[in-house]
Amino acid sequence: MTTGAGVGTLVITNNTIDSTITTLNTTATATTVDTVVASGSKALTVGTWTATAGEVFTANGMTGVLTATIGANGATLIGGSADDVLTGGGASDNIRGGAGADTINGGAFADTLTGGTGSDQFLLRDAATIDTITDYSASGANGADVLALRIVTTGTLGAATIATGAGNAYIAAGTTASVKQVSAATTLAAGQNVFAITGTFANAAALQTAIEAGGTRQLTFANATTAGDDILVAWSDGTDAYYGWVNIASAATTITATNATFTGIATLTGITDVSTLTAGNFLFLA
């Protein structure tokens, strides 16, 4: 389906049968921003929505499941009240779920993601850019949101590089998450694979110093890591929280000073305390 240049609003009502639009092209003129409004009680799948940057696809009034993927241009995609599956494309997108338990994948680039109410799953990747999750909820009335990380055989975070508390064992796709809360110098154990560094740290450099040898949150592995290994950590600066990985430059049971380097995957806006994070907030996928 292709709209003409300059079309203001395209309305899609889907009440009869589950429907699929393989390609939706709403590319507008430079002076006009198209809006797509979807509603209805039946499922709607949009294979690829090709939009001009700034265009909006909203399914606020939709009760059927929306499955939609944004094309290469940055746009805004808004889900409805069902358990929607919303995917970004090759630009910085704004994706918002609704009242359901949504699955939101920003894709490449730095995306702004909002789950809405319900227990939502955010699919993350080891990209060079960081997604921002505006309403992350570890538990409570808005549900328990999940940070789902793909564990791949190639890439920055490979299946043989993300170390657990054992030091010489690694996370694989399908591994069950196990969160270790770290509030002081801590000896880690096998099976622990996400480390929530409690307290507040002014910046990533302060976090790195804290978990290195002699730091206030010194991490000691059960066995020596291999040089170049990574570990998954979450921490807060008192305003927002950050989820990502720490690269360990040298092989040891404790991280040698200046050998830890944090790289972010996601910023959790407004999360000031990572002590509420549990195993149910993390998932490792293929």
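Read the figures in this text as sums done on the coordinates, not as results from a lab. Being a predicted model, the structure only gives us computed values, none of them experimental. Please note: Cβ atoms are built from the backbone with ideal geometry, for glycine as well, and neighbour counts cover all protein chains shown.
Placing unit charges on the Cβ atoms only, positive for Lys and Arg and negative for Asp and Glu, gives the chain a dipole magnitude near 320 debye about its Cα centre.
Taking label positions 7 Å along the Cα-Cβ direction at both Ala251 and Ala185, the computed distance is 2.5 nm, reported to one decimal. Simple rule: put +1 on each Lys or Arg Cβ and -1 on each Asp or Glu Cβ in region 107-218, find the dipole, and look at Tyr136, Thr186, Gly118; the Cα lying farthest toward the positive end is Thr186. Taking the DSSP bridge list for the chain and keeping only pairs wholly inside it, about 20 percent are antiparallel. Descending by average beta-carbon neighbour count within 10 Å, the peptides 273-281, 80-88 line up as 80-88, 273-281, the highest first. Spacing of the modelled spin labels on Thr239 and Val11, each 7 Å from Cα toward Cβ, amounts to 4.3 nm. Amide H contacts of Val85 (H built 1.01 Å from N, in plane; Pro and chain starts excluded): Leu66, Thr67, Ala68, Thr103 sit under 5 Å, all sequence-distant by 5 or more or on other chains.
Distances between placed amide hydrogens fall under 5 Å for Gly191 paired with Gly165, Ala166, all partners being 5 or more residues away or on another chain.
Computed from the C-beta positions of Asn168 and Ala205, the FRET efficiency with R₀ = 30 Å rounds to 0.60. Beta-bridge orientation, region 149-286: approximately 55 percent antiparallel, per DSSP, counting only bridges with both partners inside.
Sorting the segments 8-18, 239-249 by their mean number of nearby beta carbons within 10 angstrom, highest to lowest, gives 239-249, 8-18. Once the Cβ-Cβ distance of Thr261 and Ala144 is raised to the sixth power relative to R0 = 35 Å, the FRET efficiency obtained is 0.70. Over all projection directions, the Cα-based convex hull of region 180-245 averages an area of 4.2 nm². Which number comes out as Rg/Rh for region 19-105 once both Rg and the Kirkwood Rh are worked out on C-alpha atoms? Expressed as Rg/Rh, it is 0.94.
Estimated at 0.36 nm per residue, the fully extended path between Thr45 and Val152 surpasses their Cα-Cα distance by 35.8 nm. With both labels modelled 7 Å from their Cα along Cα-to-Cβ, the Ala108 to Thr27 distance reads 1.8 nm. Computing Rg and the Kirkwood Rh from the Cα coordinates of the chain gives a ratio, Rg/Rh, of 1.05.
Take the Kirkwood radius over Cα pairs of region 84-243, plug it into Stokes-Einstein at 25 °C and 0.890 mPa s, and you get 146 µm²/s for translational diffusion. Taking every C-alpha pair closer than 8 Å and separated by at least 6 residues, the mean separation divided by the residue count of region 47-119 gives a relative contact order of 25 percent.
Among Ala172, Ala206, Ala72, the largest mean-square fluctuation in a Gaussian network model of the chain (Cα springs under 10 Å) belongs to Ala206. Measuring r between the beta carbons of Ala227 and Thr278 and using R0 = 30 Å, the FRET efficiency lands at 0.45.
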